[in-house]
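What follows is a single structure, written as structure tokens, with notes after it.
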Amino acid sequence: MTNLEKYNQAFITALGVEEDMLATLEYQSVPQWDSVGHMQLIATLEDAFDIMFDTDDIIDFSSYEKGKEFMKKYEVDL
């Protein structure tokens with residue numbers, strides 16, 4: 001499984017969304033991505049990639065695309 005596939009799967013698993021929704025997915029754009037869903041997503045990503053997000057990054061992680069930028073910061077190539 002590629003890193004991009006793992007990244008996508010984290011969203012699908014944590015938020016229960018379809019893969020075709022990912023490109024435009026933003027925080028609170030679906031009911032599942034509320035504060036609780038957000039923390040579940042962060043935990044899923046941290047487990048999948050063995051990383052630990054900084055608090056500021058967790059707060060600023062506002063969309064699928066923005067998350068890709070943070071993954072680069074943590075040296076995860078998607």
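Laboratory data are not the source of any read-out in this text; all were calculated from the coordinates shown. Keep in mind that what you see is a predicted model, and the values were worked out from it rather than measured. Heads up, the Cβs are rebuilt from the backbone with ideal geometry, glycines too, and the neighbour counts pull from every protein chain shown.
Averaged across orientations, what area in nm² does the convex hull of the alpha carbons in the chain project?
On the way: hull surface 17.9 nm².
Over every viewing direction, the Cα hull of the chain projects on average to 4.5 nm².
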Q: May I ask for the net charge around LYS73, where only other residues with Cβ less than 12 Å from the Cβ of LYS73 are counted and Lys, Arg are +1 while Asp, Glu are -1?
A: -4
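With 10 angstrom as the radius, rank MET1, MET39, MET71 by how many other C-beta atoms surround their C-beta, starting from the fewest. Could the numbers behind the result be given before it?
Working: MET1 8, MET39 12, MET71 19.
Least to most surrounded, the residues fall as MET1, MET39, MET71.
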Q. Separation of segment 3-17 and segment 44-77 by C-alpha centroid, Å?
A. 13
Q | Longest site-free stretch - the chain; sites: GluC sites (Glu not before Pro), DSSP loop, at most 14 other Cβ within 10 Å | A | 19-74
**Q.** 3J(HN,Hα) from dihedral phi, segment 18-25, Karplus parametrisation 6.51/-1.76/1.60, rounded to Hz, x for glycine, proline
**A.** 8, 4, 6, 8, 4, 4, 10, 6
